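Bear in mind these aren't lab numbers, they're just calculated from the coordinates by the rules spelled out. Note that the structure is predicted; figures quoted are calculated from it, not measured.
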């Protein structure tokens, strides 16, 4: 009979059991990763690309009282969005973003991708509190660190967001907040999609963001 090393017995009995991967574990890991990135003082996000009259990935969510329906002219799909987030810019202008989550159905090498609504996906994101998962303050600091990059997000007097060339005066407080909302809430939504089991090539969205126009 072979004598067992007491140290081997100790290591064997102290070894942790296996961990079963679950959607909740994936979500916790994704959020933990986001929080770890947020703790890095040197963290930088790449500038996002804007499409048309709105941000390409400005995906906002959370609870709150929606801006009055008469304030903005929403597209048909946005009448019943998966995610609606009303917010106020530092100047006091009311804004709201609305998002419809889609599963990608076709992703050609060239040209736009195609997506379709999915009942389970919509139900999940209608209950997701993206505001609680977003690091707005950290994103505001990042927007300031991007000063001098040559581009900035601007909120037009008509209430639309766009990517424009940086001016000598730089972004206004409203511009900074809008860009920070884009970064922080977009990151939160991407992390949740990953936790749900979708990588960046498996989902897309319809979205619209509108802010109050400035009266002349």
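So what is the relative contact order for region 89-216, in percent, with contacts set as C-alpha pairs under 8 Å and at least six apart?
Averaging sequence separation for qualifying contacts and normalising by length gives 39 percent for region 89-216.
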Subtracting the Cα-Cα distance from 0.36 nm times the residue separation, let me have the gained length for residue 75 to residue 145 in nm, one decimal.
21.7 nm
